[in-house]
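A short worksheet on the structure shown next.
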Amino acid sequence: MKYTYACKKVSLNDSIKAYTEKKIAKLEKYFREDTTAFVTFSVEKDHRCTVEITVRSGAALLRAQTEAPDGDMRGAVDAAVGYIERQILKNKTRLSKRLRSEGFPPPAPVSDFDVAEEKEFAVVRTKRFAVKPMSTEEAILQMNLLDHSFFVFRSSEDDSLCIVYRRKSGGYGLIVTDEED
């Protein structure tokens, strides 16, 4: 597995780096050799540290973001790796086609935490609505008026399907789709 690190408002020492690689290495049994892990460390003003781990293996993309108080980077790394492992085990049937199937445990649960696999995704409601062309600013305004955390719209600039969303860290995000041929 290849590791890439980014730091925001914090310097990364070698012991944290080694600890992170040791913890993420526990997940290697699920992935192929061409897997990359992107780890971002940041510390806020109130000494709260955030660790974001994104693991990419072929078409599979897994992400976890955790926070720990009082600058406990190791605790945040542990929580993020645990979250990713629970997501893998929860969706093991679907993911086994994309990841290394021999990495999954036998059907009898032998892990230190109990995770029940989701058998199917239950769609409990379907909504239909017209996607109108508008600017990003108009879409954010509409999202705020509806008090939603995201809003789907068609860009008035290039007619692409877009999504605006409210970020946990503040501000807004924009997802723009590309049409495939």
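The values are calculated or read from the model by the stated rules, or taken from the named source; none is laboratory data. Fair warning: this is a prediction, and the values are worked out from it, not measured in the lab. Here Cβ is always computed from backbone atoms with ideal geometry, including for glycine, and neighbour counts include all displayed protein chains.
Descriptive notes on the structure:
Conditions (1) more than 18 Å from R86 (Cβ to Cβ); (2) of a type outside the set (S, T, N, Q); (3) without any contact (Cβ under 8 Å) to a residue 60 or more places away in the chain, marked per residue:
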{"site": "Y3", "(1), (2), (3)": "yes, yes, yes"}
{"site": "K8", "(1), (2), (3)": "yes, yes, yes"}
{"site": "D14", "(1), (2), (3)": "yes, yes, yes"}
{"site": "S42", "(1), (2), (3)": "yes, no, yes"}
{"site": "S57", "(1), (2), (3)": "no, no, yes"}
{"site": "L61", "(1), (2), (3)": "no, yes, yes"}
{"site": "E67", "(1), (2), (3)": "no, yes, yes"}
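- Region 1-31, residues that are among the hydroxyl-bearing types (S, T, Y), over 21 Å from A60 (Cβ atoms) and assigned to a helix (DSSP H, G or I): S15, Y19
- Qualifying residue in region 18-37 (condition: β-branched (V, I, T) and either surrounded by fewer than 16 Cβ atoms within 10 Å (Cβ to Cβ) or within 18 Å of K168 (Cα to Cα) (or both)): yes
- Filter result for the condition that a residue is at pLDDT 80 or above, within 27 Å of K17 (Cβ to Cβ) and loosely packed, with under 14 Cβ neighbours inside 10 Å, over S169, S135, S111, S149: S169
Let's see how each residue does on (1) surrounded by 15 or more Cβ atoms within 10 Å (Cβ to Cβ); (2) assigned to a helix (DSSP H, G or I); (3) at pLDDT below 90:
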position: A79; (1), (2), (3): yes, yes, no
position: G82; (1), (2), (3): yes, yes, no
position: Q87; (1), (2), (3): yes, yes, yes
position: K119; (1), (2), (3): no, no, yes
position: A122; (1), (2), (3): no, no, yes
position: T126; (1), (2), (3): no, no, yes
position: V131; (1), (2), (3): no, no, yes
position: R154; (1), (2), (3): yes, no, no
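- Members of region 44-89 found to be out of contact with any strand residue (DSSP E or B) (no Cβ under 6 Å at 6 or more places or on another chain) and aromatic (F, W, Y), listed by number: none
- In region 58-69, the condition of being over 19 Å from K168 (Cβ atoms) and part of a helix (DSSP H, G or I) is met by no residue.
- Scanning region 21-37 turns up no residue that is more than 24 Å from I88 (Cβ to Cβ) and under 20 Å from the mean Cα position of the chain (by Cα).
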